[in-house]
1. Give all pairs with beta carbons closer than 6 Å in which a residue from the range 81-104 that is over 30 Å from TRP55 (Cβ atoms) and of a type outside the set (Phe, Trp, Tyr) meets a residue that is in a strand (DSSP E or B) and at pLDDT 75 or above; count only pairs at least 6 apart in sequence or on separate chains.
2. Within the bounds of the range 140-161, is there any residue that is touching a residue at least 40 places away in the same chain (Cβ under 8 Å) and under 26 Å from the mean Cα position of the chain (by Cα)?
3. Please specify each residue of the range 103-135 satisfying the condition of being under 26 Å from the mean Cα position of the chain (by Cα), assigned to a loop (DSSP other than H, G, I, E, B) and surrounded by fewer than 15 Cβ atoms within 10 Å (Cβ to Cβ).
4. Being at pLDDT below 95, surrounded by 15 or more Cβ atoms within 10 Å (Cβ to Cβ), assigned to a loop (DSSP other than H, G, I, E, B) and not acidic (Asp, Glu) narrows it down to one residue among PRO165, PRO172; which is it?
5. When the residues of the range 6-31 are narrowed to those that are touching a Phe, Trp or Tyr at 6+ places or on another chain (Cβ under 8 Å) and in a strand (DSSP E or B), which ends up surrounded by the most Cβ atoms within 10 Å (Cβ to Cβ)?
6. Go through the residues of the range 136-145 one by one and say whether even a single one is part of a loop (DSSP other than H, G, I, E, B) and surrounded by 15 or more Cβ atoms within 10 Å (Cβ to Cβ).
7. Pick from the range 32-50 the residues that are over 17 Å from TRP16 (Cα atoms) and among the hydrophobic types (A, V, I, L, M, F, W, C): which of them is surrounded by the fewest Cβ atoms within 10 Å (Cβ to Cβ)?
Amino acid sequence: MFPLSNSLVLVLNRLWQPVNICSARRAIGLIYLGHARAVHRDIEQNFFTHDLDSWIEFSTDGNEPDVEFVRTISTCFRLPTVIVLATFDKLPKKEVKFTRRNVFERDRFICQYCGVRFDHQSLNIDHVVPRDKGGRNTWENVVCSCVPCNTRKGNRLPADIQMFPINEPKVPRWRPFFSVSQTPNHMHDSWIHFLNPGMAGAFASS
């Protein structure tokens, strides 16, 4: 197998929604098997897709800067930065891991009793229904709480002290893939259109 760089590739489902990141090796394998097509954006912001043959042919046209190429015994072609899957049209299902940090993230570091935002060092996890009263250690029974509010509520029920969470605690919705925007070193310029829903563009198919 030919060597590849550590480049990452954005994976879109059939509806052009971002669903994953994969290695360049994996992306080329999917294109080779016909399970995906390479995506290219021209200077007029139109998008075109390519199977392996047309991608190799396209790679010989022009001389764009900052484009990585891979060489095989018989040919040379550019590494794709975005691929679109041929048949998969769903968004992946994934549960958010139940952790202290993720509870803080869900509640946006806001105490669910006083409504004040704190840094993580000033926050605790409060069980809405205390565990010694049958409360469970689940998304639906824990909230972000500052130390004073946590101390005030203690192990009492909300109705006993009239302290009710500002927002009903729920399992957070997993937003597929968009957390990649927090790691810009792993992003390619061609990804921005798909990771930023506010950007519009025209689509064309070869």
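1. ARG100/ILE125; VAL103/ILE125; VAL103/VAL142; VAL103/CYS144
2. Looking through the range 140-161, at least one residue is touching a residue at least 40 places away in the same chain (Cβ under 8 Å) and under 26 Å from the mean Cα position of the chain (by Cα).
3. Correct list: ARG108, ASP119.
4. Every option except PRO172 fails the conditions.
5. LEU10
6. No, that holds for no residue.
7. Top of the filtered list is ILE43.
The values are calculated or read from the model by the stated rules, or taken from the named source; none is laboratory data. This is a predicted model, so every value here is computed, not measured. Neighbour counts run over all protein chains shown; Cβ positions are idealised from the backbone, glycine included.
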